[in-house]
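The next block holds one structure in the form of structure tokens; read it before the comments.
No value in this document is a laboratory result; all are computed from the given coordinates. All of these numbers come straight from a predicted model, not from anything done at the bench. So basically every Cβ, Gly included, is an ideal-geometry build from the backbone, and we count neighbours across all protein chains shown.
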Amino acid sequence: MYSKENLTKIKKMNELAPEAMKAFWAFDKLAVAAERTRGWRYPLLAELDAPDTLGARRVVRIRRSLAKAWTELVHGAKRRPLAQWTGKVVLREGPRDANSPGLFVGVSTDRRFGPVIWMQRGSESRSLVRRRVLMLPPLNARLAADAIATAVSDGDADQPDAAIVAALVDLLTRLSALVCALPWVTNLHLDSVLIDAGRAFVVGARVDVVPGRKLLRGYPHMAIHPYPVELIGDVAMRDGTVLHVRPIRPEDADLERAFVNGLSEQTRYYRFFYRMAELTPAMLARFTQVDYDRELALVAIVPSDDGGPQAFVGVARYVANPDRISAEFAVVVADAWQRHGVARVLMRGLIVCAKRRGFELLEGTVLRANEPMQAFVRSLGFSIVDDPGDATQVIARLPLG
């Protein structure tokens, strides 16, 4: 099923649809347009309701200029007939700066990678984007900002101000949420996106859909699965402590490093099977940049009472094996939090998630000397067998059928 976050966004879009249509409406009579747009925010953008009319638009800065702009557009269309013109004029709220730099943003579907979000310079010479960039959804604010930084002016050229970047980040993350939630959207083209006063204005849009495509479990239409927000929650421990449990995120690198560095030498050895001083950059990236389709890492966090930095107190993860029907698990808890029930909370959540993902077996390697871990996994229903490849290890297995 789709995440609660995306379903909430879709519901909100439906609730706000009448208000959203206020900024995009087509009229066939000037008198009706003047009456319906009463109370709209000026300036307005006016253009003919016909394909390929991006250049045929007028900026209406005050209400009394609407009639003149309307007349120019309609008379121009009658002198030079346009194919597929509906006879209507589209009005929408527009930016206060009519010369704000524009750009094109869209979505294309690749046979291998699924939906790909792209951004490139617009037809205006002052477009702030200098190069075309491609982005694989899902996007968060950080990924969107990085893509914008790649696309904007080079070297010593002026950089966009914070308001423009914020408006673009908002647009790209909303577009990402749309393609994640709606698999039937195969192509989308936003023509001339204008940025003004911290807001993005889309002059024109074209969307291609596949009506017969159905909602499926998970996100099979995407190369990268979105962050599983439905797994975020709080758990009350026996002593009354409330732990925040959620899947790990790429931006958790510093928390993960601090967590591993804070483990005792023995705890690190039991987790990684060798003496390790600290995580290498490659290991840190591997542990925090997770492909949620084939792996999951649940972290337990102690909320800070004084507003200080949070800290991991436990991490449990599974990674799919090549057979795609079994997964390997691991769990580790900070020394000060062991025997408080943290590992049990994380492992129960991990087992539930593995079952929902469709795995049939959860297994993990445990050092033979780590008797507390063997006793713990047995209490969860795991069986312990000898590792035929290494006498110093045993294998813990739990059928999920």
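Numerical summary
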| read-out | value |
| --- | --- |
| Sorted by Cβ neighbour density within 10 Å, fewest at the top, the residues 318, 270, 227 | 270, 227, 318 |
| Under-5 Å amide H pairs with residue 311, H placed in peptide plane, nonlocal only | 302 |
| Linear extension gain, residue 142 paired with residue 289, 0.36 nm per residue minus alpha-carbon span | 51.6 nm |
| Residue order, fewest to most beta carbons within 10 Å, for 148, 301 | 301, 148 |
| Note, ³J(HN,Hα) from phi for region 335-341, Karplus 6.51, -1.76, 1.60, rounded to Hz, x at Gly and Pro | 3, 5, 10, 5, 6, 10, x |
| Residues 392, 365, sorted so that the one with the fewest Cβ neighbours within 10 Å comes first | 392, 365 |
